[in-house]
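In what follows, a single structure is set out as structure tokens and then discussed.
The values are calculated or read from the model by the stated rules, or taken from the named source; none is laboratory data. The model shown is predicted, which means the values in this text are computed figures rather than measured ones. Ligands, DNA and RNA are excluded from the accessible area calculation, which covers all protein heavy atoms including side chains. Shrake-Rupley method; radii C 1.70, N 1.55, O 1.52, S 1.80 Å.
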Amino acid sequence: MLKNPTMEKLRAKVSPEDKILMEESFALSNRIHFLLEKHHMTQRQLAGKLGKTESEVSKWLSGGHNFTSHTLIKIGIAIGERIYTLPNKSENQLEEVHHLARH
């Protein structure tokens, strides 16, 4: 594959920290896309549950959004499954999230 020299110069200037931030941002976006498909939910449905516009949710899921933990929790509740897991969180607590999402 041919590489664009200008793009390669730009990539070389990105700090290791910024590379990690970008990778994690895209990983969160990919996880949300995966969960939407898994739960047969559209971005429009997610937006409706969050009280947001579809274009705002679409922008979030483009991979460059800096999610807050609050927003990720709200998205997880709307979908019915956590976006990420934390050590020492029990399955009972996860069931509470599913219950909240249904009511």
>> Using the Karplus curve 6.51 cos²θ - 1.76 cosθ + 1.60 with θ = phi - 60°, what ³J(HN,Hα) values do you get for each residue of the range 8-24, in whole Hz, with x for Gly and Pro?
In response: 5, 5, 5, 4, 5, 7, 6, 5, x, 4, 5, 4, 5, 4, 5, 4, 5
> To the nearest 10 square angstrom, how much accessible area does Leu21 have with a 1.4 angstrom probe?
Replying inline: 100
> lysines within cross-link reach of Lys9: Cα-Cα under 19 Å, excluding same-chain residues under 8 positions apart?
Replying inline: Lys19
> Using θ = phi - 60° and the Karplus curve 6.51 cos²θ - 1.76 cosθ + 1.60, what whole-Hz ³J(HN,Hα) does each residue of the range 37-46 get, with Gly and Pro shown as x?
Replying inline: 4, 4, 9, 6, 10, 9, 4, 5, 5, 4
